[in-house]
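K.L.:
Got a structure here, written out as structure tokens. Questions coming.
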Ligand SMILES: Cc1cc2nc3c(=O)[nH]c(=O)nc-3n(C[C@H](O)[C@H](O)[C@H](O)COP(=O)(O)OP(=O)(O)OC[C@H]3O[C@@H](n4cnc5c(N)ncnc54)[C@H](O)[C@@H]3O)c2cc1C
């Protein structure tokens, strides 16, 4: 079987020394289902001895497995309960983590650029940075496609990340409390869900739909 340059390096002490001083730099952009798994495995296999420098870049500080987003949106799952902290994961699995959104690639120079990261108030707390690489892995995932259908972008709620799922859940709770505090209001609301071609549709009063997730928290609908 063909041995890799990294495997060969461990056999020859001189090459091994050079490799430790100038380790091969693998930069993985996107710590989603694919990226975090890859960074963890490469870190476990090569990172501990410094044979390869593995760096994971993500625009967020934590990873939440996307199939859980429906439950976050429904209010049956706390989005902070089961997320993976990139800083802790990197520490435990011998890779580096850099916070930032990649916004540029210079293939000739083998560099990516990361946009400045802003806090909630819009203040910059991580400046624009450039990251050199020897091997680059792009695993930035995808977001929902509206296929150009008129009205979808304006009227549908997209659940592609935790922020969107959290804000959907807040809207559901607002509706629930609105229905509770406005008895008798002629409040006809509906929720439609589209998922890979399948389509679910629930229709009813604001009450019925707003109960989604709320009873699990002990909130019962008893109009004031
Ligand atoms: C609501 C929902 C439910 C799903 N349910 C299922 C299911 O039941 N079963 C199933 O098999 N699949 C499901 N999927 C699909 C599955 O989650 C994806 O196929 C999978 O997450 C793709 O993995 P990925 O690593 O390619 O990207 P992602 O998991 O999307 O991760 C991409 C990562 O890249 C980061 N990123 C994006 N752009 C940049 C940038 N420019 N710079 C830095 N970081 C960036 C993001 O912050 C994110 O962490 C679901 C998806 C959604 C949205």
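FYI, it's all coordinate maths here, none of it is from the lab. Small disclaimer: the values here were computed from a predicted structure and weren't measured. Quick reminder, even Gly has a Cβ in these numbers, built from the backbone with ideal geometry, and neighbours come from all protein chains shown.
K.L.:
Within the P(r) computed for segment 5-138, what percentage of the Cα pairs occupies the region above 20 Å?
P.N.:
Cα-Cα pairs of segment 5-138 separated by over 20 Å account for 54 percent.
K.L.:
Test of understanding: extend the Cα→C-beta vector of residue 113 to 7 Å, then name every residue of segment 119-133 with backbone N under 14 Å from that spot.
P.N.:
From segment 119-133, the list is 127-132.
K.L.:
Determine, from the Cβ-Cβ distance of residue 22 and residue 83 and an R0 of 30 Å, the FRET efficiency 1/(1 + (r/R0)^6), rounded to the nearest 0.05.
P.N.:
Once the sixth-power term is evaluated, E becomes 0.30.
K.L.:
Kindly put 168, 147 in sequence by how many other C-beta atoms sit within 10 Å of each C-beta, fewest to most.
P.N.:
Least to most surrounded, the residues fall as 147, 168.
K.L.:
Something else now. For a quick check: sort 21, 173 by the number of other beta carbons within 10 angstrom, fewest at the front. Please list the in-between numbers first.
P.N.:
On the way: 21 8, 173 17.
Going from sparsest to densest Cβ surroundings: 21, 173.
K.L.:
At a Förster radius of 30 Å, what calculated FRET efficiency corresponds to the Cβ-Cβ distance of residue 143 and residue 49, to the nearest 0.05?
P.N.:
0.20
K.L.:
Taking neighbour Cβ counts within 10 Å as the exposure measure, how do 140, 157, 27 sort from fewest upward?
P.N.:
Listing 140, 157, 27 from fewest to most nearby Cβ atoms yields 157, 140, 27.
K.L.:
If r is the Cβ-Cβ distance from residue 153 to residue 174 and R0 is 25 Å, what FRET efficiency results, to the nearest 0.05? Spell out each step's value before the answer.
P.N.:
Values: r = 22 Å, r/R0 = 0.88.
Working from the Cβ atoms, E equals 0.70.
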